Amino acid sequence: MIEILSPSGHASVQDAGRFGHRHVGIGSNGAMDGLALKTANLMLGNAAEAAAIEVPGVPMRVRFLADTAFALTGADTGATLDGRPLPRNWRDFARAGEELLLGHARQGVYAILAVAGGIAVPPVLGSRATHLRGVFGGFEGRLLQPGDRLPVGESTAGPGAFGVVPPEKALPLGGDAAEATTVRVLPAAEYEAFSDEARRALWATSWRISGQSNRAGYRLMGPVLTLAEPIEMRSHGLVPGVIQGPAGGQPIIQLADAYTAGGYPKIGVVIEPDLWRIAQTPLGGALAFRRCTYDEALAAHDALESHLARIRIWLATCGLGAAA
Amino acid sequence: MSAAPDTIRIALGAAPATDAFGLAVRLDGAAVLETVQAEGPGLFRALETPFTPAAPVRAGWVIGFLARGPVRLPVLMPCDGWVLAAAPDGARVGHGTPLFRILRAREGIIP
Amino acid sequence: MRRDRARTEPHISPMGLGAMLFEAPGAFDLANQRRIWALAEAVERWPGVVEAAPGMTNLLVLFRAPPRDPARIEEALLAAWAAAEPRPTEGRLFEIPVTYGGEDGPDLDHMAGETGLTREEVVALHTGRDYTVFALGSHPGYGYLGVVDPRLFIPRRQVPRLSVPEGSVSIGGWQTGASASAGPSGWHTIGRTRQVFFDPKAAEPVLLKPGDTIRFIAEALLP
């Protein structure tokens, strides 16, 4: 068991997502940084769908009520275990009674705290991801509060301590805008319906993530994206990564908790292998969109899968991972 | 030197005799200079925020990494003390290669 | 690509790497939607498809892994569409009591103004026809209903409301619906119902199915 000591109302239990129910309006939810979750589960020898605690950049204190192998990935929070500083992207071992302290994220935003055996809350509709709007999944369908005790699944993982290379080093994606996070974007169905100005602005702007942003979507500050002519859209299914250009409004990137359908025109879609980069860009930070082809998007997907495969192979070579 | 018993004076920089880390350390007997060596082959990787000589480090803390592919094995501080210098980030090392020059603190010096 | 609703060919586009959107040509009507339901049933049986989620005369196909050859999938979708027979509507009828206007219908006045109708006329037109559940989506258990009386057609809100309560009854373009939980809305909210549309603890968490019929009943019209 893990006991939450603080904070109140920020962290939630998430897994890789709830799929197959979009047709009844249930979206995927799940970790904002799916790569961080997969990495943590790999380091612990967990199943890929094991659930973890997602911490959105705020300080957090938890107490381990039993000896537990755990991993911390995603944002750099300057974490300490019983006062001992932990490197980022790290797996370690807590003795019963020890406290883990995460500070404010000093690089990135979302941290993943995973445990060997996974957070063993009951799955709902096939997943342990928290559906905040529907109040189900995760831990009682809500954000975590002090006093919450989260069950931990069975595991034979031992006291290994090691880390893996941070993703921005393993999967660099340089950009022209030094301070902006670059992500690759495929044009969406209504791309051509936007004005020339809008399409130029999409690629050229350093978009700032506004404070009116959350797990459902990020509102971007920058030029208004105008259509060449008004179009009446029909409601259709959406996936995380879709960049909408509401008429006369600022663009919105739909993310993990997005509604499953909508009717605003779409100008582009951030490719799924780059969504973790958005998740780790803070509010007030900047995003730059780089147009890519479908083949380039596939290559990005393959590069990410290779990165994970490489970690899996090297963990085995070093006698770590599941056996550790 | 008439330093108080729990004060360590360190002079860093070019001096008549410098070690592999470019340090010439004069001690007043309050601490012991040691080297942490690599336990095997790999690439040495520094911490993202390395410990500076001013920051006390406890035994068992991670002070750097030995990288094998994407995996980073911990290099642990062997005793309470201070990290004075490290091998260059990315250096290819083998068993026994010096990774850190540390000062072992005298018993009780770090609360 | 021009954007009027009299498009003659289906339009298929990738939505990132994990999905493709099929948009049917022709009018926003039930006949077209019945073929979308049939297409969804066929496509869901394809290997590698996680699910096919109908929208309003469109279908979002979600894949387990990124399609390596999207052109082949487009061809298959076109062929399946050509073969799609309209699925008959064998749904249930639900009568949904609604309190129109007042605090829970903040956009009723705006709708009246924009359409040139009185508030009473707006309500009468909304309750005056039965709606078919075209699709479920947006949030758990939410039914997209069509087709609204053309006299009620006005563009969606420029700035969506950050939150409308559970049960809010709204109109957006040709569509109408009642929300199943609190959340943002870009539609015009004209009333509210106490009917429950989604309960995650129930054996059947979602009340509505595509093909069901909804009839709104005006319980009250508040000033």
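Derivation of every value follows stated rules applied to the coordinates shown; laboratory data play no part. Model, not experiment: these values are computed from the prediction. Every residue, glycine among them, receives a Cβ derived from its backbone with ideal geometry; neighbour counts consider all protein chains shown.
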Qualifying aspartates and glutamates (Cα of each under 12 Å from Cα of A:Lys38; at least 8 residues distant if same chain): A:Asp15, A:Glu49, A:Glu305
Percentage relative contact order, chain C, counting C-alpha pairs under 8 Å, at least six apart: 21 percent
A:Gln107/A:Arg142 FRET efficiency (R0 22 Å; Cβ-Cβ; nearest 0.05): 0.20
Cross-link partners of C:Lys201 among lysines (Cα-Cα below 22 Å; sequence separation of 8 or more within a chain): C:Lys209
Total formal charge among the other residues, if their Cβ is under 11 angstrom from that of A:Arg149, Lys/Arg +1 and Asp/Glu -1: -1
Footprinting exposure proxy for A:Thr281, A:Thr80 (fewest neighbouring C-beta atoms within 10 Å first): A:Thr80, A:Thr281
From phi via Karplus (6.51, -1.76, 1.60), per-residue ³J(HN,Hα) for segment A:265-277 in Hz, x at Gly/Pro: x, 9, 9, x, 9, 5, 5, 4, x, 9, 4, 4, 5
Percent breakdown of C-alpha pair distances by 10 Å bin, ordered from the shortest bin, for segment A:180-292: 15, 54, 29, 2
Helix-only mean residue ellipticity at 222 nm for chain A, each DSSP H run of n ≥ 4 adding -39500 (n - 2.57), per residue, nearest 500: -5000 deg cm²/dmol
DSSP bridge orientation in segment A:180-292 - percent antiparallel, rounded to nearest 5: 75 percent
Förster-model FRET efficiency, 22 Å R0, B:His95 and A:Ile313, C-beta, rounded to 0.05: 0.45
Max mean-square fluctuation residue, GNM over chain C, Cα-Cα springs under 10 Å, options C:Pro14, C:Pro47, C:Pro67: C:Pro47
Mean separation of Cα contacts under 8 Å, 6 or more apart, over the residue count of segment A:177-310: relative contact order %: 36 percent
Derived scalar couplings ³J(HN,Hα) [segment C:92-100; Karplus, 6.51 cos²θ - 1.76 cosθ + 1.60; whole Hz; x for Gly, Pro]: 9, 9, 10, 9, 10, x, 10, 9, 8
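Peptide A:115-121: average number of partner chain Cβ atoms within 10 Å per residue? All intermediate terms of the calculation are to be shown ahead of the outcome.
On the way: counts 0, 0, 0, 0, 0, 0, 0.
Shielding by partners across A:115-121 averages 0.
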Candidates A:Thr73, A:Thr156, A:Thr181, ranked by Gaussian network fluctuation over chain A, Cα under 10 Å, top entry: A:Thr156
Cα→Cβ-extended label distance, 7 Å offset, between A:Glu192 and C:Arg215, nm: 4.5 nm
Measure of compaction for chain A (Cα Rg per 2.2 N^0.38 Å): 1.00
Proxy reagent accessibility, fewest Cβ within 10 Å first, across C:His126, A:His236: C:His126, A:His236
Likely footprinting exposure, C:Lys209, C:Lys201, fewest C-beta neighbours within 10 Å first: C:Lys201, C:Lys209
Efficiency of FRET between B:Ala59 and A:Asp302 - r from beta-carbon atoms, R0 41 angstrom, step 0.05: 0.40
Averaged over B:69-80, number of beta-carbon atoms from partner chains that fall within 10 Å: 5
Candidate lysines - alpha carbon under 22 Å from A:Lys266, same-chain residues fewer than 8 apart omitted: none
Distance between modelled label sites at C:Ala203 and A:Arg63, nm, 7 Å Cα→Cβ extension: 4.3 nm
Cα centroid separation, segment C:1-67 to segment C:163-223 (Å): 24 Å
In order through segment A:80-89: 3J(HN,Hα) via Karplus (6.51 cos²θ - 1.76 cosθ + 1.60), integer Hz, x for Gly, Pro: 10, 10, 6, x, 8, x, 10, x, 7, 6
